[in-house]
1. Using amide H atoms built in the peptide plane, which far-off residues or other-chain residues are under 5 Å from PHE51 H to H?
2. When Lys and Arg each count +1 and Asp and Glu each count -1, what net charge do the other residues less than 12 Å away from LEU344, Cβ to Cβ, add up to?
3. What accessible area, in Å² to the nearest ten, does a 1.4 Å probe give for ARG195?
4. Rank SER286, SER201 by accessible area, highest first, at a 1.4 Å probe radius?
5. Given a cut-off of 18 Å, name the pairs among LYS31/LYS86; LYS31/LYS348; LYS126/LYS230; LYS126/LYS348 whose C-alpha atoms lie farther apart than that in the structure shown.
6. What is the spin-label model distance, in nm, from GLN325 to LYS364 if the labels are put 7 Å beyond Cα along the C-beta direction?
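The values are calculated or read from the model by the stated rules, or taken from the named source; none is laboratory data. What you are looking at is a predicted structure, and each value in this text was computed from that prediction instead of being measured. Note: ideal-geometry Cβ built from the backbone for every residue, glycine included; neighbour counts use all protein chains shown. Accessible surface is based on the protein model in full, side chains and every heavy atom, while ligands, DNA and RNA are left aside. Shrake-Rupley method; radii C 1.70, N 1.55, O 1.52, S 1.80 Å.
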Amino acid sequence: MSTGTGVVNNTGACHVVVLCHGLQATYVDPKEEFRALLSALKDNCPVDTDFRILTCEANSGLWKTLDGVDVGGQRIANEIEQFVLKLRNSPDSASSVSVTTTTSSSSSASNSDSAAAVVTAAAPIKFTVIGHSLGGLFARVAIGLLFQKGYFGTLLEPIAYIAIETPHLGIRRPPTAPWNVKCVDWYVQTMRWTRTVSQLSIQDNIDQVPFLAQLTTPGSMWMNGLSLFKSRLVISNIGWSPQVPHTSSSLRSAFPYDRKCFDSQASGVFYSHCGFPPALASSLFSCPESSHSLAPPTTATTNGEFISDSLSELLFLPSMLHNLQTLHWRRLDISINSVLAHVLMIAKPPPIIGHTALHDAGMKQGRWLVDVISKSVYFDHASTE
């Protein structure tokens, strides 16, 4: 496994894994953001396989993630293109053919500067994308752009899309949210003047279609590209994650659990999964699929995390959810009872605050989670051999 570009081996088994960070996540080396995941990918890497890791840097910095989901996704797509073409144009590769890339016709995406590129005629490179938080949306935008340019099936073979606490349905919160969630929500809403937060709040394009709704339009390049992946996994925190509503990250219409069952439990005690192949599930999890009881309908309604107090949300949220649910998803819900759960889910050491017992428990669960993600990646790789 390598974290740099290089020669694609002659067996055609090269597999590129792309890591995308979230909102204002990185003002240092992006590899620090995913150190635990990179370590897990390295430790679990099968023998005699060629994995190349691209830790995206195009959106690194304090402000680059705030100029739009569409703009950030375009940057990621450009970075992936450069990485893949560098691999395929290696002097040691096979004979080459010419592939012409085209610019996006979508008014919501920036034009690409890519021109015709020379690529090898070898087997397509296997392609997996892992996005944390907003990075999962950046990845979906990039997937659509790569699909439109004809990368899938020729240069890339889509294998797995993995989203960790990604706000697929936006970030709006109910008035019943706990105080810590309301504080974070208030802080985020103070940045609604930025293009990204406006889009995440479904408050952009008031007279037209909000961008997050465009991403879910049937037949769009984004949905068509996403549908080509062999697997799609959404990972969500069951507790009150201050940054992302559980319903948004897990693609549900209401919170399905009875909070009384786990609010007082320590991190790592409660998790639920569904949609995994039996062979993979049996190797990862000690409990059966969807083993935890769902809340009664009245409780689910009471604990629902959606808030629809604007025309845009009332018009678009139901269709956004429905369109995304037309695809098959693996789901993994875990419980990390910490206000820092959002970063603990990728086993990133919490900033400023020391390692209390609660945070240590969250870090342990985060390390377990990145191990699950890496094993899932390698399972999907092996299943396409």
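1. Amide H neighbours of PHE51: SER2, HIS15.
2. +1
3. Solvent-accessible area, nearest 10 Å²: 110 Å².
4. On the way: SER286 115, SER201 0 Å².
The ranking, largest first, comes out as SER286, SER201.
5. Working: LYS31/LYS86 20 Å; LYS31/LYS348 11 Å; LYS126/LYS230 11 Å; LYS126/LYS348 27 Å.
Those over the limit are LYS31/LYS86; LYS126/LYS348.
6. That separation, rounded to one decimal, is 3.6 nm.
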